[in-house]
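Data block below; observations after.
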Amino acid sequence: MTAQRDHGIRPRSTHRAPVGADHRLFRGVPPAVPSDLALRIGMGSTPFAARRIPAATDCCSVARQFTRRTLLGWDLSSGLCDDTVQIASELVANAVRHGRPRGARAAADPPPTVWLALALRPRTLLCVVRDPSRRRPRLTCPAPLAERHRGLPIIDALSTSWGWTDDRGPHGKSVWARLTLPPA
């Protein structure tokens, strides 16, 4: 099942960030690919990068660093990069917090395996987070002083559209957000 929200928000900045030498990882195949990283860049293919995110206290930091490095390597604008970093962080936080399959117990079962993927398409950037839970994300309006339930409203505000895909099997769901790229 897929749900989608489309509210026409566009990235605010078209400033292009410089690419440093340390971002070469995403310009070609690195000499040694870590086991938790997948890359696909080639002639005619969609630039794609994915990383397994550990369900640990630094999961959001890992997601932000991976997203920023990938987008700077793709030479995307700093405004789009900032929005995508925030979206990736919120999606990963939700997946780690709520990503256990139904019936799993926090202490007895291992933490969920969460994957973050980025795909650059001709007019859009797609950010996808996959977790083993089939529970649907719910967009709710948090109380003014609430400390929780702010992730999806942030994703809704920063993305062009967002939604989820339930694979109708025991393998969980993917929650995605799409951002429109600024004109070249």
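Tell me, what is the FRET efficiency for Gln65 and Ala93 to the nearest 0.05, using R0 = 22 angstrom and their Cβ-Cβ distance as r?
On the way: r = 15 Å, r/R0 = 0.66.
The value I calculate is 0.90.
In this view, the solvent-accessible surface of Thr46, computed with a 1.4 Å probe and all protein chains in place, comes to about 50 Å².
Ranking of Trp115, Trp176 by solvent-accessible surface, largest first: Trp115, Trp176 (1.4 Å probe, protein heavy atoms only, all chains present). Between Arg136 and Thr124, the modelled label-to-label distance comes to 2.0 nm, taking each label 7 Å out from Cα in the direction of the beta carbon. Potential lengthening of the chain between Thr180 and Asp58 amounts to 41.1 nm, from the contour at 0.36 nm per residue minus the alpha-carbon distance.
The values are calculated or read from the model by the stated rules, or taken from the named source; none is laboratory data. Here the structure is a predicted model, which is why all the values come from computation and not from measurement. Every residue, glycine among them, receives a Cβ derived from its backbone with ideal geometry; neighbour counts consider all protein chains shown. These accessible areas exclude ligands, DNA and RNA; they are computed on the full protein's heavy atoms, side chains included. Shrake-Rupley method; radii C 1.70, N 1.55, O 1.52, S 1.80 Å.
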